[in-house]
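Values in this text are rule-based calculations from the coordinates and carry no lab data. Being a predicted model, the structure only gives us computed values, none of them experimental. Glycine gets a Cβ as well: all are built from the backbone with ideal geometry, and neighbour counts include every protein chain shown.
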Amino acid sequence: MPISFNQIPAAIRVPLFYAEFDNSNAVQGAVIQEYKVLILGSKTTNEATLPKNVPVRVTSAEQVATLAGAGSQLHGMAQAFFASNKFTECWLMPLEDDAGGLPAGGTVTVTGTATASGSVTLYIAGRKVMAAVTSGDNATAVGDAIEAAVTADTSLPVTASNNAGVVTLVAKNDGKGGNDIDVRLNYNGETTPAGVSIAIVALSLGDTNPDITAAIAAMGDEWYNIIVMPYTDTANLALLEAELLDRAGPLRMIDGMAFCAMRDTHGNLTTFGDSRNSQFVSCMECTTEPRPSYEVAAETAALAAFHGNIDPARPFQTLSYSWRMAKAESARFTIEERNQLLFDGISTSYIDAGGLVRVERLITMYQVNALGSPDTSYLDVNVPLTLSYLRFDLRAMVTTKYPRHKLADDGTRFGAGQKVMTPKQFKAEVIAKFRQWEEMGLVEGIDQFKNDLIVERNSQDSNRLDAMLPPDLINQLRVVGVQFKYLV
């Protein structure tokens, strides 16, 4: 009986016809990998509304406002994420503010008396807030109007209270993220009513982020391909880096890429970048721009999730942000400064002629190997994303086509219908899979791959087949250098 049946027993004498279905060859070609995103962040609602450290699937920013609280850190991150990606499956990991945390606070101070009617236009975390002013309004009246306008917009990440023209703004969430809530006057060329002066003291003194230890434990073995990380403090990043390294290992194989962002000076960004070294974390610079860093992280992750799921090997450069807002021209990094950031583990962006913020290059924070020598093997985010897909697709092929096969040496004369795997047969399967990846533009160099590919039975375990795959990952067109050697 050369055919290996799955369900029809060999010892059956009852007539007549028995047929089983075997789907092991039904799937042809490469398998589609469906990304799943996890957004870590703080909520403002109580436990009854949204329990902490319990993942919940969401489909819109409005839903997140209801669940996590309007104006919460999670709400802002959801607004940023869904502005650029409404397609990828998205989950929240709600966190509570640390018991010892402090909220950031700042002030908007009004002086003078309006001699013309108009509006005071503030941008808080990039959200436009307009307070109506009537000619003759004094500082207290203008301050009351600002307080009312801020309070009316529940999506804002701050509360407001006025005292004789000094409007105090306090972040709705505790922690260092509140220090990144930008407050500015007249971002888009608006004008302040004559007679009124506005002085802004930036939000500061927010301290102590939540500890993500319990959140990591709550992730369990669920596979999240893209993770949004709102915190860049050393303790939390170390926890996440360790978890991502473990997830990427051969026993779990649920690797993910985390995205964070930092709002700081060029010098501090390079120092921060030099202090990290993970191939599974990418940090985007976002100095002195209207949106908070945690929202920039969320939208960067949204772009990587959407376009990386389409083609993990295609570069992300030139992709435009929908939520993120441009920094002032005087505050933009020069090409020399951005190039330095890219050598210090920090991803970069640029502003085009129309004022859109675009991805310049998404890199990981991996910079040196275990011995401290420079190592570019994981420089671009495309590398771990592409490797993740190759492993996922190969695993899907093995587990779908060969879940219950026997193992024999090459040259064994078994029946054609027997479910038996040999090293030579597996090698042929891997080469065929490489051809598929080559057609998809994920790898190159078939001759080198076939020459270096090793498939053999394990010498100590006769039930184990070992393989060493040497794929040459396709590269990205990053730089075009041209020299014009002209004649006159």
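Listing for the model above:
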{"read-out": "Relative packing of 290-302, 138-150, 48-60, which averages over residues the other C-beta atoms within 10 Å, highest first", "value": "290-302, 138-150, 48-60"}
{"read-out": "Hits among lysines - C-alpha to C-alpha of Lys176 under 18 Å, sequence gap 8 or more where chains match", "value": "Lys43"}
{"read-out": "Flagged links, alpha-carbon separation over 20 Å, of Lys52/Lys172; Lys401/Lys427; Lys36/Lys128; Lys52/Lys86; Lys86/Lys172; Lys401/Lys433", "value": "Lys36/Lys128; Lys52/Lys86; Lys86/Lys172"}
{"read-out": "Dipole moment magnitude, nearest 20 debye, the range 103-204 about Cα centre, only Lys, Arg, Asp, Glu C-beta charged", "value": "140"}
{"read-out": "Fewest-first sequence of Lys419, Lys43 by Cβ atoms within 10 Å of each Cβ", "value": "Lys419, Lys43"}
{"read-out": "Acute angle (nearest 10 degrees) that the helix 293-310 long axis makes with the longest principal axis of the chain, alpha-carbon atoms", "value": "30"}
{"read-out": "For percent of Cα pairs over 28 Å apart, calculated from these coordinates, the label among (i) 50; (ii) 60; (iii) 57", "value": "(ii)"}
{"read-out": "Fraction of antiparallel bridges per DSSP, the range 103-204 only, in percent to nearest 5", "value": "100"}
{"read-out": "Residue-averaged 222 nm ellipticity for the chain, from DSSP H runs of 4+ at -39500 (n - 2.57), nearest 500", "value": "-8500 deg cm²/dmol"}
{"read-out": "Whole-percent pair-distance distribution, where bins are 5 Å wide, for the alpha carbons of the range 83-171", "value": "3, 13, 19, 19, 14, 11, 8, 6, 5, 3, 0"}
{"read-out": "Relative contact order of the chain, defined on C-alpha pairs under 8 angstrom at six or more residues apart (%)", "value": "14"}
{"read-out": "Footprinting exposure proxy for Leu169, Leu390 (fewest neighbouring C-beta atoms within 10 Å first)", "value": "Leu390, Leu169"}
{"read-out": "Sequence of Ser347, Ser197 once ranked by neighbouring C-beta atoms within 10 Å, starting from the fewest", "value": "Ser197, Ser347"}
{"read-out": "Signed unit charges on C-beta, dipole axis of the range 103-204, positive-most listed residue Asn138, Val196, Tyr123", "value": "Tyr123"}
{"read-out": "Cα centre as origin, Lys/Arg/Asp/Glu Cβ charges: the range 331-402 dipole, Debye", "value": "380"}
